[in-house]
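The values are calculated or read from the model by the stated rules, or taken from the named source; none is laboratory data. Bear in mind the structure is a predicted one, so any value in this text is a computation, not a measurement. Counting neighbours? That spans all protein chains shown, and the Cβs are built from the backbone with ideal geometry, glycine included. The area values use the complete protein model at the heavy-atom level, side chains included, leaving out ligands, DNA and RNA. Shrake-Rupley method; radii C 1.70, N 1.55, O 1.52, S 1.80 Å.
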Protein chains: 2
Amino acid sequence: MAKADSIGQLEQLVLTAILRLGDDAYGVSIHSTVEELTKPRAVSLGAIYVTLDRLESKGMLTSRLTDPTPERGGRAKRCYRLEALGERALKESAVTAKRMWDMIGSALGGRKWVKEY
Amino acid sequence: MAKADSIGQLEQLVLTAILRLGDDAYGVSIHSTVEELTKPRAVSLGAIYVTLDRLESKGMLTSRLTDPTPERGGRAKRCYRLEALGERALKESAVTAKRMWDMIGSALGGRKWVKEY
DNA sequence: GCCATTACTCCAACAATGTAAGAGAAATCG
DNA sequence: CGATTTCTCTTACATTGTTGGAGTAATGGC
């Protein structure tokens, strides 16, 4: 393994989406939440599933299959749940991200250096 | 190339350090600034140089060799300068990082969920 | 029942990035 | 000169990112 429990960018984004989505975190909803974060950059659905698999095998999250919903095409979903290990890794990487944001802000003079967002 | 101008985690950290260091951005100083951000996680010097090379070949930064300083062992340094392309990529990824931070914060109830930092 | 359609999951192959470990060059000090 | 210190750069490999498409279920209309 690379190191303790470091995670990559997409992994962070995926964990964040799961945290936010709570009980309704499954492939497609996670995908759209992630794209909300990376906008305007797109992310393919496949990338999400691959990342989900890897995070699960690292023990950062667990999954279960739900019953199909009575919607057109609504088939069974695999819902994910954030585990303690995953939450810890997410928080740690978020702190680094925040420090970076602050450093950039102060280096650029504290003024608003970005209008979007 | 992966996509437009997306950059990885270490790349973001390195660009941030260069922005912050201004005229004194070279391998060793960048390394210590990056570790200040990732603390308590360590990063090897080699990782920094490799990343610097890659960023330079992408046109995100340029470098020049400086004259040696009159210090014990003070040899010539290769100083880096952030180019427009790099600054743009950094800002973009920083915005995503900030959105993630905010989403985590609101998902966790707005309370202070981390004491360190 | 069948078929078109929709929502969703998962795999395989490849590209980019992250990381460690160590070799090697240049300068100062005694 | 030789020891020491600061710094750069390379190699080799591990992990993560990304795409594109295959495959499975369920619904609704005919």
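The table for this structure:
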quantity: Wholly enclosed helices (runs of 4 or more DSSP H) of segment B:1-74 bearing at least 1 residues of a type in the set (Asp, Glu) and over 24 Å from A:GLN12 (Cα atoms); calculated: B:45-57
quantity: Per-region count, segment B:8-34, residues surrounded by fewer than 19 Cβ atoms within 10 Å (Cβ to Cβ) and under 25 Å from B:PRO68 (Cα atoms); calculated: 8
quantity: Evaluation of A:LYS98 against (1) within 8 Å of another protein chain (Cβ to nearest Cβ); (2) under 16 Å from A:GLU11 (Cβ atoms); (3) basic (Lys, Arg) (one fails), failing number; calculated: (2)
quantity: Residue selected from segment B:62-83 under the condition open to solvent by less than 80 Å² (accessible area, probe 1.4 Å) and either free of Cβ contacts under 8 Å to residues at least 12 places away in the same chain or away from DNA strand D (no atom under 12 Å from the Cβ) (or both), by the criterion farthest from the other protein chains (Cβ to nearest Cβ); calculated: B:GLY73
